[in-house]
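The values are calculated or read from the model by the stated rules, or taken from the named source; none is laboratory data. Since we're looking at a predicted model, the values are computed, not measured. So basically every Cβ, Gly included, is an ideal-geometry build from the backbone, and we count neighbours across all protein chains shown.
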Amino acid sequence: MNLTASESVLELRSGVRAVLFDLDGTLVDSAPDLAGAANEMRLMRGLPALDLAQLRPMVGAGARGMLGVALQIRPEDAQYEALKDEFLSRYEARLSLETRLFQDVQTLLDALVAADMAWGIVTNKAERFALPLTRALGLHDSARAVVGGDTTPHAKPHPAPLLEAAKRAGVAPEQCVYVGDDERDIVAGRAAGMRTVAAAWGYLGNGKPIEEWRADIVLSSPAQLLQVLGLP
């Protein structure tokens, strides 16, 4: 972030009453457990484990991304659904084994709570995984909303999950900032009428460069969001 870009900072800060976050790659580093589940599948098939660096960029794409890299399986392949079920079961068994908050995330969330600013989570992760994970990491109690990919009839980039989170938090969409590490997060945030932050510390995928996502601002760390929001 270029802190001399005062107009972007002031526009983002003005009238904000809630900050909503994507989960994987934004609040938490879940790559070790997702990659671990994928590597378990490889090992069971006599294949060597892949380095985390090979799997990490596709974490945002969930089972589809992990299976694509680990086993070169695509959703249109006949065996995809069975392999997806196996992957999800393996992931569920190790949901919070190695997953941790990114550096400075807890400080950021504590500052939001201290400032009486609502915060919540909007993820494409199904509630089956999102709810127990947020509880295991101590996020659930202070979050005003935890909306999963199956909470509403639509997942991101549709704005419905973000609008549901704003409703649960009791805040108008235009008073929310949405923070995410994937282009679809920015698309969803803009469609919901929210201000958007691209989290350059996240997984980012292999699509457009982050500068082309049309976010209101790009930040390189959670600590920078504290600065932008004017929080101590």
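Suppose we filter region 61-83 for residues that are touching a residue at least 40 places away in the same chain (Cβ under 8 Å), hydrophobic (A, V, I, L, M, F, W, C) and within 18 Å of Gly205 (Cα to Cα); how many remain? The total comes to 1. Screening Glu174 against (1) at pLDDT 95 or above; (2) part of a loop (DSSP other than H, G, I, E, B); (3) surrounded by fewer than 21 Cβ atoms within 10 Å (Cβ to Cβ); (4) more than 16 Å from the chain's Cα centre (by Cα) leaves a single unmet condition, (2). The helices (runs of 4 or more DSSP H) falling completely within region 13-100 that include 1 or more residues that are at pLDDT below 95 map to 52-55, 62-71. Identify, by number, the condition in (1) loosely packed, with under 15 Cβ neighbours inside 10 Å; (2) in contact with a helix residue (DSSP H, G or I) (Cβ under 9 Å, 6 or more places away or on another chain) that Ala53 doesn't meet. Among (1) loosely packed, with under 15 Cβ neighbours inside 10 Å; (2) in contact with a helix residue (DSSP H, G or I) (Cβ under 9 Å, 6 or more places away or on another chain), Ala53 violates only (2). Of the numbered criteria (1) exposed (fewer than 15 other Cβ atoms within 10 Å of the Cβ); (2) out of contact with any Leu (no Cβ under 9 Å at 6 or more places or on another chain), the one Arg90 fails is (1). Pairs meeting the criteria (first residue in region 183-197 and at positive phi and outside any helix (DSSP H, G or I), second residue surrounded by fewer than 24 Cβ atoms within 10 Å (Cβ to Cβ) and not β-branched (Val, Ile, Thr), beta carbons under 9 Å, at least 6 apart or on different chains) are Gly193/Pro159; Gly193/Leu163; Gly193/Ala172; Gly193/Pro173; Gly193/Glu174. Remark: pairs (first residue in region 209-232, closer than 19 Å to Gly25 by Cβ; second residue of a type in the set (Lys, Arg) and not in a helix (DSSP H, G or I); Cβ separation under 7 Å; 6+ apart in sequence or on different chains) = Asp216/Arg195. Annotation note: Cβ proximity below 6 Å between a residue of region 38-60 that is closer than 21 Å to Gln79 by Cα and a residue that is surrounded by 14 or more Cβ atoms within 10 Å (Cβ to Cβ) and of a type in the set (Ser, Thr, Tyr) (sequence gap 6+ or interchain) occurs for Val59/Tyr203.
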